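No value in this document is a laboratory result; all are computed from the given coordinates. Model, not experiment: these values are computed from the prediction. Cβ atoms come from the backbone with ideal geometry, glycine included; neighbour counts cover every protein chain shown.
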């Protein structure tokens, strides 16, 4: 700004000289105008340099802030909920069903297939020798042509309920007693196989295969040797199909338990 002021004063002086000295002052006037232009250019260059330096400083500061934000450790974030396994260690023998009044960790809640074709009574008085047994009456009327029931840990809901699996690694087999009303009834029994948000460690379900029952009580065994029983919700399953029992079937089951 000081150079521009001096140049202006020179221009004024030149004007006065023009008035007093005549045309010979053109060269002086041209020189003064050139100096004014040069001074203005130098000032513009200085302003531009200052602007560039300011922008670079702002950009550098912003980059530093960004780098600082990126470097912040994410490990300080705390999850809203920490998954906790409720898998419970159990000892054998572990009963799925002993009798109606006995304490058990399993309940017959997992009805499947044509559920209206199932009539289940888990406190049926059959005779003096077995006052409390499970009675399952199957009357095939539904369109799916099969039916079944899971005895599972309460809250299982086909694997989409609570985290309620049991560690039954103590067991090497599941045993149960069964018979038919008249003999000749066919049924299949299984362990494990529940799959959902929470799943049984035993996959797929281990089956007894289709059994033809007699009219007398017999004990059956499902071998669990070497199987992963660290997380079990589905303790026992009964399944039957219409082609195997076209006229229906009534069966009885008792003393279902995991054994060493």
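Using only the Cα atoms of segment 85-174, build the gyration tensor, take square roots of its eigenvalues as a ≥ b ≥ c, and label the shape rounded, prolate or oblate: rounded if a/c is under 1.5, else prolate if a/b is larger than b/c, else oblate. Let's see the in-between values first.
Numbers: a/c = 2.44, a/b = 1.24, b/c = 1.97.
Verdict is oblate for segment 85-174.
Compute the separation of the alpha-carbon centres of segment 89-139 and segment 152-187 and state it in Å as a whole number.
For segment 89-139 versus segment 152-187, the Cα centre distance is 10 Å.
Semi-axes of the equivalent ellipsoid for segment 88-259, please: Cα gyration tensor eigenvalues, times 5, square-rooted, ordered largest first, whole Å.
Gyration-tensor ellipsoid for segment 88-259: 24, 19, 15 Å.
Write down the Å³ per residue value for the convex hull defined by the alpha carbon atoms of segment 114-155. Don't skip to the answer; put the middle values down first.
On the way: hull volume 3.7 nm³, N = 42.
Cα-based convex hull of segment 114-155, divided per residue, equals 89 Å³.
Give me 252, 150 ranked fewest to most by other Cβ atoms within 10 Å of their Cβ, as a rough exposure proxy.
Values: 252 20, 150 24.
With the fewest neighbours first, 252, 150 line up as 252, 150.
Take the Cα gyration tensor of segment 142-232, multiply each eigenvalue by 5, square-root it, and list the three semi-axes largest first, rounded to whole angstrom.
26, 18, 10
Sort 211, 194 by Cβ crowding within 10 Å, fewest neighbours at the top. Walk me through the numbers before you get to the answer.
Working: 211 17, 194 26.
Listing 211, 194 from fewest to most nearby Cβ atoms yields 211, 194.
Can you sort 218, 179 by how many other beta carbons sit within 10 Å, fewest first? Walk me through the numbers on the way to the answer.
On the way: 218 11, 179 20.
Ranked by crowding around the Cβ, least crowded first: 218, 179.
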